[in-house]
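Step one of this worksheet: look at the structure below.
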Amino acid sequence: METRGVEDMFDFRRFPKDALVLLLLLVYFPVGVCLTLIRVFIGVHVFLVSCALPESFVRRFIVRVMCSVLGMHVRQKNPRSRDKNTKLYICNHVTEFDHNIINLLASCNTPQLEGSTGFVCWARGFMEIHSSSGQGAIGESLQRFCSTEGTPPLLLFPEEDTTNGRAGLLKFSSWPFSLTDSIQPVALRVTRPLIALSTPDSSWLMELFWTFFAPCTVYHVSWLPTVSRQDGESTQEFANKVQELLACELGLVSTKITKADKAEHIKRKRHTVPQTSTAVRPASIGLGFMVQSLGTDDHRIAKMAQQVKDVLPHVPLHVITKDLAKTNCVDTTITNLLENKEETPTEATGASTFGSSKNSSYSSGSVPTIKPAAKSFGKSPADRHLSLQERKDALYNFARRRYIEKHGLDQEDSH
């Protein structure tokens, strides 16, 4: 028994990834909307006709023709293989309307094992089972139904959930095969252009909408010969045998993936996607913002950093850039670096505290003493203002001398 990944068994995207198909879908979209509106109107009449007419071949034929107008085309293979004495049909599950399609070809009942009850259950064509005692009580009720003379056959889906019908079959549950010793397998293949047949998170109403929207949905129904359980064969072995027969007929593989595995995978995807989106997208947004900021401000920051570097050549460029990113001001950065000069790392160029050998000429000149900070905090506003003004003047004179030295100007020309 081959295995397939859960991702291959189901369609988690409604629309295809192919660019050409997406373009065709975009062109078809207005037509699909118009078809949906028309088919909703016709669908109401189909429902009323199916409710008004009694169960018969005529009713099934009329409803089948009207369903073709709704875009649900049914093709039957090997109709003579259908055994009228069989009380149980076993079919693979592809869409939410598989039981309605099989019921157009042969009168049968499908019990509603979970989901809505009452009018919705009846309107969808399910047989409601009044039992809340668990699967064992449901099995006994259905077994009595099968043994009752004159009742139509049961149609069950042992996969218990839908697949995309392209990769493989879910593992068949064994309890349907305990109802009777003889069953008839029914192979169902469904095709639809442009959009997926179903998605795990979609409701039956949404599936009905997309069925009306699509150009057509073709159901290929193939009747296989009746299969009986052998002596000493367990229900699970019987289920596995029927699963292999259906898989062979459909050209698929039998898997051990169950309905619970599908539910667990969907649950895991729901928790994984939000984490991925919250972890990756902000980083992507932040990266994009940073790239954009670098594109617009990098040149200006570099120019400002070079101005600071001309004044304070002993300070590494990365330290200047880092401070400029905070202050966005040349004067403020120079003040910060001067006030924290003891903590600021210096470049290993063999230079003195305030420059290279070029600055040796300053020692012979009257270089004003730079006071990065006052020795004590002024007691009055006038003292504090004087301390700040002295530092500004010293800083201005120092920057002026550096500019003159760099450009080879005379002090008289700089005035």
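The values are calculated or read from the model by the stated rules, or taken from the named source; none is laboratory data. On a predicted model such as this, the values are computed, not experimentally measured, just so you know. Positions of Cβ are backbone-derived with ideal geometry, glycine not excepted, and every protein chain shown enters the neighbour counts. Accessible surface areas use protein heavy atoms only, side chains included; no ligands, DNA or RNA. Shrake-Rupley method; radii C 1.70, N 1.55, O 1.52, S 1.80 Å.
For the reader, a short list of remarks on this structure follows.
- Residue-level check: of (1) assigned to a helix (DSSP H, G or I); (2) hydroxyl-bearing (Ser, Thr, Tyr); (3) out of contact with any helix residue (DSSP H, G or I) (no Cβ under 7 Å at 6 or more places or on another chain), residue 50 misses just (3).
- Filter result for residue 37 (modelled with pLDDT of 90 or more, surrounded by 13 or more Cβ atoms within 10 Å (Cβ to Cβ) and in contact with a helix residue (DSSP H, G or I) (Cβ under 9 Å, 6 or more places away or on another chain)): no
- Verdict on residue 14 being among the basic types (Lys, Arg) and part of a helix (DSSP H, G or I): no
- Candidate set: the range 82-102, residues that are polar (S, T, N, Q) and surrounded by 14 or more Cβ atoms within 10 Å (Cβ to Cβ); chosen: the one nearest to the chain's Cα centre (by Cα): 95
- Criterion applied to 105, 70, 25, 53 was being over 31 Å from the mean Cα position of the chain (by Cα), open to solvent by less than 70 Å² (accessible area, probe 1.4 Å) and at pLDDT 90 or above, and the one residue passing it is 105.
- Some residue of the range 103-117 being in contact with a Leu (Cβ under 7 Å, 6 or more places away or on another chain), within 23 Å of residue 240 (Cβ to Cβ) and of a type in the set (A, V, I, L, M): no
- All conditions in (1) more than 25 Å from residue 49 (Cβ to Cβ); (2) touching a strand residue (DSSP E or B) at 6+ places or on another chain (Cβ under 6 Å) hold for residue 155, with the sole exception of (1).
- When each of 221, 190, 186 is tested for being within 21 Å of residue 66 (Cβ to Cβ), over 31 Å from the mean Cα position of the chain (by Cα), open to solvent by less than 40 Å² (accessible area, probe 1.4 Å) and modelled with pLDDT of 90 or more, the lone residue that passes is 221.
- Test: residue in the range 373-389 that is at pLDDT 75 or above, among the polar types (S, T, N, Q), surrounded by 13 or more Cβ atoms within 10 Å (Cβ to Cβ) and assigned to a helix (DSSP H, G or I): no
- Every residue from the range 167-181 that is farther than 13 Å from residue 155 by Cα and either in contact with a Leu (Cβ under 7 Å, 6 or more places away or on another chain) or free of Cβ contacts under 8 Å to residues at least 12 places away in the same chain (or both): 167, 168, 169
- Selected residue (only one of 260, 247 is at pLDDT below 90, under 28 Å from residue 201 (Cα atoms) and part of a helix (DSSP H, G or I)): 260
- Of all residues in the range 237-252, those being over 21 Å from residue 166 (Cα atoms) and open to solvent by 60 Å² or more (accessible area, probe 1.4 Å) number 1.
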